[in-house]
Each structure stands twice: as structure tokens, then as C-alpha cells.
Amino acid sequence: MSARSRGVFALPLLLLATPALAKSAASSCEPKNMAALAGWDGIWISADKETGIDGRSDTNWDLAGISAPWNDERWARMRTVLKQAASPQFKQQGWGFPMMMNSYAEFIFVISPRETAIISQYRDIRHVFTDGRGHLPEDERWPTDWGDSTGCWDGNTLTIDTLSVKFDPDYNPLSPPLSEGAHFRERLRLVAPDRIEGEMTITDPAYLTGPWTLPLTYKRAGSIGSSTTRSRTIAWSQTANP
């Protein structure tokens, strides 16, 4: 058989194999066992954001940019942001991303095979697509307060990659003054029935002198010491250690 003939016969085989390969790639980031992720249900809040009678706490404002490795140009903008946040005219419309992942607002995870939604009480909603897709091409996406997020499940760990986040001080004056070219990578893992731990790493060549990494820790809201917590502990231990 000639090389040309072999090519003619190989093409249909390649076309037949392509859908299967595409399906395999698409499903590789989907949860392998939805039942094993039952522990992600319920309401979560940043572990260092317990509030007093005034509904506020002064702990950990790192994600607002206090500890970020800003370059000189962006340090000037950071001082403006802090001054604006202290103003009596300060009015917050919501948290947006990334601040919704380290705020006083409680949130929930809604997990399906092809998408995980993160929804806060301020109606901030992040759509994290876990069906294997990549980000939209640059000329087809635009910056928003929640960004463009794709994710991948690996057992009980969710990794998220986010681009095209809009710095919008009119929506949330406390948001870090990053450029629209900033790149966010998160890793979240359920480490106990009522605790999620992980980290966020931010790169922004326009305004950061290097990667900016912060820890993320969440606790289940209002469940400490409850019978629900005890039952979740048993179910989680059986899932984590079959």
C-alpha cells in the first residue's frame, strides 16, 4: 500500500478517534465522584472573619493589597484606595473577585459535573467551568467584577484559573488595584468536615514586582459543635479513608 493510500485510510480513523479524545479531555477536570464532594455543601465564611456586634472585624486585610509586592507606580494607587475606603462617602455595592474569597460575606459552593458556582450573600456569582474548556480567546472576553474562570477537580481538591478581572472601585473600594492583565490561581481542598484550606497566587507584570501568594482558609458557618457537624465528621472520614 502506498504512503498516499495509507494516509487516505488513516484520515477516517483519526476523525473517528477525535470525538473520543475530545470527550476524554473535557471530562478530565470534572469530579470523578460527586458523592465524595458532599462535604462541600452548606454555608462557608473566611475563617478569620468572625464579626462582633457591629458586624465587622479588623482582622486580615491582606487581600486588599496591604502585603502585595506593588511596584512604585501602584503603591501610589494603593494609598488612594486606602484613603477612599476610609472616607465617610464609602459605599460598597458588593465584593467582586478576588475580595469575595476573603470577605465578611458568607458563600456557598454549587457543584455540578461541568461547572462549580461560588455564590455569596451579596449575589456575587463566580462560574468556574470544569468541563475541560480553556479561557475564551482574548478578543472574545472582557474584564468583569468576577473574571473568567476555569477549574479542575482532582479528588477533593479544586484548582481555579482566573483572567480578565476588572478593578472597579465604584463596586468595591476595598478591591486590590490590579491591572486587567492580572492572573489568579487558586487551590482549595476540604481538609476536615468544617474546614477548607488553600491559597491564591496572583501575578501582574504591570503592577507587581513578583508573584503574590496568600493563604485561604474557610470554616462552615454556624456549625461548630452541632450534631450536623458530628455526622459530617463521620461521613467525611469514611469518604477520605475508605
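For segment 89-161, the ratio of Cα radius of gyration to the globular rule of thumb 2.2 N^0.38 Å stands at 1.19. Ordering 122-132, 157-167 by mean Cβ neighbour count within 10 Å, with the highest value first, yields 157-167, 122-132. Computed packing ranks the peptides 29-39, 211-221 as 211-221, 29-39, most packed first, by mean other Cβ atoms within 10 Å.
Every number here is computed from the coordinates shown, using simple stated rules; none is lab data. Keep in mind that what you see is a predicted model, and the values were worked out from it rather than measured. Quick reminder, even Gly has a Cβ in these numbers, built from the backbone with ideal geometry, and neighbours come from all protein chains shown.
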